[in-house]
Amino acid sequence: MLIIAVTALVAAVFINRARGREELAKNAAVERLAEAEHAVDVSLTGVNEVLKFYPSAQTVRQRLLEQAATDYARFASVQSDDLPLQLEAARAQLRLGNVRLLLDQFDRAISEFEAADQRLSAMESKLPAATFERGIAASQRADVLERAGRHADAKSAFERSLDLLERGAVSLSPDSPRRIEMADARLGLARVLQ
């Protein structure tokens, strides 16, 4: 009996250590993905803003945006049961939609925002922050619809965005800088109502 108890105890220690290493590996993977996304974000915004003012550099700008789209598509393709990793992949899909918008690929941008919304919707019951992220996806989709001249669709999308953002804002601190997303959606709605 003593041998069984000691064996069970040793097995439990090994299992707990393995679980701890697995958790550390998951956290490291999420952190690496977020760092890679941040690197693409920084280079994309800086280079894009500079190059858009130089007509002779539009080919380079186009290539860089296409490369950013490829990188974000790779980040967005991450499949995992881990909620933080799923959330980062959905955020990468939102960024991919933004790049598609910069490339004037309106239909593809809308598709990316809708796909991100579906991914976020699937995790919403387990992760309250996903509701706010869905609001961001709806707002960005509305921006594309507005730019494409589809004002009635944009109006509906902005209204949906505000509903999601307001419901999702309960998971944010009152002084969170992310609350600016709500102001952006309200401004977008005001633009299409003019």
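The values are calculated or read from the model by the stated rules, or taken from the named source; none is laboratory data. Since the model is a prediction, treat every value here as computed from it, not as a measurement. A quick note on method: Cβ atoms are made from the backbone with ideal geometry, for glycine too, and the neighbour counts reach across all protein chains shown. What goes into the accessible areas is simple: the full protein's heavy atoms, side chains included, and nothing from ligands, DNA or RNA. Shrake-Rupley method; radii C 1.70, N 1.55, O 1.52, S 1.80 Å.
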- Query: Quick one: how many Å² of Val60 are accessible to a 1.4 Å probe, rounded to 10?
  - Reply: 60 Å²
- Message: Just to be sure I understand the model, the point goes 7 Å from the Cα along the line to the Cβ. What's the resulting Arg178 to Gln62 distance in nm?
- Response: 3.7 nm
- Message: Using a Förster radius of 41 Å, what is the FRET efficiency between Arg186 and Ile4 based on their Cβ-Cβ separation? Nearest 0.05, please.
- Response: 0.05
- Message: Tell me the relative contact order for segment 118-194 as a rounded percent, counting alpha carbon contacts under 8 Å between residues six or more apart.
- Response: 32 percent
- Enumerate the calculated ³J(HN,Hα) couplings along segment 169-176 in order (Karplus 6.51 cos²θ - 1.76 cosθ + 1.60, θ = phi - 60°), each rounded to whole Hz, writing x wherever the residue is Gly or Pro. 5, 5, 8, 9, 6, x, 9, 5
- Note on the structure: Taking a crude spin-label model, label points 7 Å out from Cα along the C-beta direction, the Val170 to Gln194 distance in nm is 3.5 nm
- Can you tell me the relative contact order of segment 122-167? Whole percent, Cα pairs under 8 Å, sequence separation 6 or more. 45 percent
- Message: I want to check the label-to-label distance for Asp82 and Ala122. Put each point 7 Å from Cα in the C-beta direction and report it in nm to one decimal.
- Response: 1.7 nm
- Treating only Lys and Arg (+1) and Asp and Glu (-1) as charged, each at its beta carbon, one finds that segment 85-143 has a dipole about its Cα centre, in Debye to the nearest 20, of 140 debye
